[in-house]
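Working notes, structure below.
The values are calculated or read from the model by the stated rules, or taken from the named source; none is laboratory data. A quick note: this is a predicted structure, and the numbers were derived from the prediction, not measured. Glycine also receives a Cβ, built like all others from the backbone with ideal geometry; neighbour counts cover every protein chain displayed. Quick note on the areas: whole protein, heavy atoms, side chains included, nothing else; ligands and nucleic acids left out. Shrake-Rupley method; radii C 1.70, N 1.55, O 1.52, S 1.80 Å.
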Amino acid sequence: MSVISAGLSHAANASPLTVHFLGNILTFRARYNDTRKNFTVIEVLTAPNAGPPPHTQTDQEAFLVLDGLYEITVDGDVRHCGPGAFIHVAPGSMHSFRNIADTPSRMLLINFPGDLHEAFFETTGDPLPSGTTQFPEMKAPDIAAIVQTAAQFGIHIPVPDNA
């Protein structure tokens, strides 16, 4: 899939960046630079019971569920979201999501402006071949490294004192 936008050139055969992060296969469908530095669109395939920890961030985020069932929490409001559900997350709102289906679930994740999240996932994610739908073997994440890297990109992950 290529991005087509007036005034922009993008290689028609370019493969989208794909990375694995905490049980999510992230495929970048529209990169920050492809959208005149406005937003990023990521297709997210989430393994059962996977998702990011609660966090806040400086950019806006939106979720559009395509397949499956997610539990999305924003500022303590927990919602079970199936196909067609749309959730907007304002900057500074504590939020997380988790796939609560027995099979992989899929959504679009949109970040405005997009540069910070894109750079975070490029830095922390494990690169995968474009088109990958098989989850790699899950290893215990290095929470301290993830928290420290996230902070560099405007993402705050609160860690309990006993962690």
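Would you tally the net charge around GLU118, using a Cβ to Cβ cut-off of less than 11 Å, leaving GLU118 out, and scoring K and R as +1, D and E as -1? Don't skip to the end; give the middle numbers.
Values: positive: ARG31, LYS37; negative: ASP34, ASP59, ASP115, GLU122.
Charge balance in the 11 Å sphere: -2.
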In range of the label at LEU108: residues from segment 38-58 whose backbone nitrogen is under 12 Å from the point 7 Å along Cα→Cβ = 40-44
10 Å-binned pair-distance histogram of the chain (Cα, whole percent) = 11, 40, 39, 10, 1, 0
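For segment 97-163, state which GluC sites (Glu not before Pro) are in a DSSP loop and have at most 11 other beta carbons lying within 10 Å of their beta carbon. Before the final figure, lay out the partial values.
Details: sites: GLU118, GLU122, GLU137; in loops: GLU137.
Counting only loop positions with at most 11 other Cβ atoms within 10 Å, the GluC sites (Glu not before Pro) in segment 97-163 are GLU137.
Tell me whether segment 82-163 comes out rounded, prolate or oblate; compute the Cα gyration tensor, take square roots of the eigenvalues as a ≥ b ≥ c, and use a/c under 1.5 as the rounded threshold. Don't skip to the end; give the middle numbers.
Numbers: a/c = 1.35, a/b = 1.14, b/c = 1.19.
Rounded shape, in that the Cα axes give a/c under 1.5.
Net charge near THR73, counting Lys/Arg +1 and Asp/Glu -1 over other residues with Cβ under 11 Å of its Cβ?
Details: positive: ARG79, ARG98; negative: GLU71, ASP75, ASP77.
Cβ neighbours under 11 Å give a net charge of -1.
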Relative to the first principal axis of the alpha-carbon coordinates of the chain, what is the inclination of helix 143-152, with its axis defined by its Cα atoms, in degrees from 0 to 90 and to the nearest 10?
-> 50 degrees
What longest range of the chain stays clear of loop-exposed trypsin sites (Lys or Arg not before Pro) (DSSP non-H/G/I/E/B, at most 13 other C-beta within 10 angstrom)?
-> 38-138
Within the accessible area of segment 1-156 (1.4 Å probe), percent carbon and sulfur = 55 percent
Segment 85-127-segment 13-43 distance, computed between alpha-carbon centres (Å) | 11 Å
Kindly report the accessible area of the chain per residue (heavy atoms of protein chains, probe 1.4 Å, no ligands, DNA or RNA), in Å².
-> 53 Å²
So if we plug the beta-carbon distance of ALA101 and ASN33 into 1/(1 + (r/R0)^6) with R0 = 25 Å, what FRET efficiency do we get, rounded to 0.05?
-> 0.15
Residues whose modelled amide H sits under 5 Å from the amide H of LEU128, counting only those 5 or more places away in sequence or on another chain, are THR18, VAL19, HIS20
For 143-155, 61-73, 123-135, ranked highest to lowest by mean beta-carbon neighbours within 10 Å, the order is 61-73, 143-155, 123-135
